[in-house]
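Working notes, structure below.
The values are calculated or read from the model by the stated rules, or taken from the named source; none is laboratory data. This one's a predicted model, so the numbers in the text were calculated from it and none came from an experiment. Here the Cβ positions follow ideal geometry from the backbone for every residue, glycine too, while neighbour counts run over all protein chains shown.
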Amino acid sequence: MTSEFLHLFRDTEQRRRDAPRRVSHLLHGIHFGGAEEVVVNLCGAFAAARYRGSVICLGKGEIMERRLGQKRIPWQVVPMKHKADLGIVSPLIAALRSQKADLIHTHTSRTNLVGRLASKVCGLPVVTTVHTAVSRDVNDPRKSNHLNAWIDRVTLKWSRAVMTVSNHNREELLRQGGDPDRIVHVPNGVAVHFPVPDEVQLSAIRREFLPGHHGKPVVGMLASMRPRKGPDVLLRAMPGVLAQFPDARLLMVGSGEFVESEDYLETLARLAKEIGVRDHVIFTGHRDDTLAMLSIMDVVVLPSIFGEGLPLTTLEAMALAKPIVTTNTEGNNEAVVHEETGLLVPPNDPEALADAICRVLAGKAWALSLGQKGRLRVREHFSIEKMAERYQGLYDRVIAENAFPA
């Protein structure tokens, strides 16, 4: 009887150890941007036998909920009443228990704080990804985020591991006194093997947004439209582009939902009219078919002013062998190799941006070479599979440390 009991106990323990671990990702949920896309990609790329991902949102957002539903990722909303609502910790812990979480993974300054507090109370280990430095996670460069940055810096030690999507952000945290053994660079990853959008789908998009424009230049930007992404700079660059390519069109893909105080797409449309390029600019709003939208662009532009981590749009465009024009800011210059996979220009410089776009449009063979080298670079350094494997290795370490603390 005793031997049978021991065998049953050992068998139960082995099954428990072999069962996939569960990671609960904390996100704002109201808006859908790069951090949210990374989580969706990561949950879909986990090795099912090792980890399963779920999401807890601090607010409701239509795009977020639709994307999670499309990917069949378990999720729930634990609403935060206001920015300083620390009363959320108790219902958050209840949600973590309902998801049977083994690990908490936070992604923004607000989720960092509440996730770290929940970790201190319930004993679950917490890890953090820095997508953009908290001090620069603002729309207006004239405004500061110093209070949030200070809170995040003080509570950073509660995260068992901190993953930065760019080397720049890792070095910044180390300069602030971070532990080099716990702060790890894990670049974002995108799909490198995917079904290429077929001509039927692309033709339908052209008919919708570019009727009668087939074969003429298409300049494109795909991003969450907000001031720090520099869409206004791209609009101001368009007169210079049109001077050389009068048939060019600018396709601006993305919503303006991050700018809550105004209809930002309408603001951009007014600017386009003021500078005389409105007839050449198409605003599509948010699109789920991002690969198809990128596929009809001849050059993909991301004119960020500041505050990038490692932009997924750029990596996705490179995976499609599209030439890139972007600004020489953190993150962008880690993805794009100047004159090899794209062009880097100074931020907030419409003339330099226009010149770079025209160079790519004028040199079709060179643009093709840029795109092909960009695709190789993504496959070598920025695949979803490599990103997921790095995260899973860090999860393994943190969970083992939590089970057997020093």
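Out of the residues in segment 80-111 meeting the condition of being exposed (fewer than 15 other Cβ atoms within 10 Å of the Cβ) and modelled with pLDDT of 95 or more, tell me which one is nearest to Lys157 (Cα to Cα).
The residue in question is Ser90.
Working carefully through the options Tyr391, Tyr395, find the one that is assigned by TED's automatic domain parsing to the domain that holds Ser119, within 24 Å of Val190 (Cα to Cα), in contact with a helix residue (DSSP H, G or I) (Cβ under 9 Å, 6 or more places away or on another chain) and at pLDDT 95 or above.
Only one candidate qualifies: Tyr391.
Look at Val114 and say whether it is among the hydrophobic types (A, V, I, L, M, F, W, C), at pLDDT 95 or above, outside the structural domain of Ala317 (by TED's automatic domain parsing) and assigned to a helix (DSSP H, G or I).
Taking the combined requirement at face value, the residue satisfies it.
Hey, among the residues in segment 376-388 that are charged (D, E, K, R) and in contact (Cβ under 8 Å) with a residue 60 or more places away in the chain, which one's surrounded by the most Cβ atoms within 10 Å (Cβ to Cβ)?
Ranking the candidates gives Lys386 first.
Would you mind stating whether Arg97 is assigned to a helix (DSSP H, G or I) and free of Cβ contacts under 8 Å to residues at least 60 places away in the same chain?
Spelling it out, Arg97 is indeed assigned to a helix (DSSP H, G or I) and free of Cβ contacts under 8 Å to residues at least 60 places away in the same chain.
Of all helices (runs of 4 or more DSSP H) completely enclosed by segment 229-323, which ones contain at least 2 residues that are closer than 30 Å to Ala149 by Cα, without any contact (Cβ under 8 Å) to a residue 60 or more places away in the chain and in the same structural domain as Thr341 (by TED's automatic domain parsing)?
Where helices (runs of 4 or more DSSP H) fall fully within segment 229-323 and carry at least 2 residues being closer than 30 Å to Ala149 by Cα, without any contact (Cβ under 8 Å) to a residue 60 or more places away in the chain and in the same structural domain as Thr341 (by TED's automatic domain parsing), they are 264-274.
If you check Ala204 against the conditions, is it among the hydrophobic types (A, V, I, L, M, F, W, C), closer than 29 Å to Arg377 by Cβ, in the same structural domain as Leu302 (by TED's automatic domain parsing) and part of a helix (DSSP H, G or I)?
Here the answer is no, as Ala204 does not meet what is asked.
Quick one: Lys216 ticks every box in (1) basic (Lys, Arg); (2) assigned by TED's automatic domain parsing to the domain that holds Leu242; (3) in contact with an Asp or Glu (Cβ under 8 Å, 6 or more places away or on another chain); (4) under 24 Å from Thr132 (Cβ atoms) except a single one, so which number is it?
Among (1) basic (Lys, Arg); (2) assigned by TED's automatic domain parsing to the domain that holds Leu242; (3) in contact with an Asp or Glu (Cβ under 8 Å, 6 or more places away or on another chain); (4) under 24 Å from Thr132 (Cβ atoms), the lone unmet condition for Lys216 is (4).
Do we find that Lys157 is free of Cβ contacts under 8 Å to residues at least 40 places away in the same chain, over 23 Å from the mean Cα position of the chain (by Cα) and not in a helix (DSSP H, G or I) in this structure?
No: the conditions fail for Lys157.
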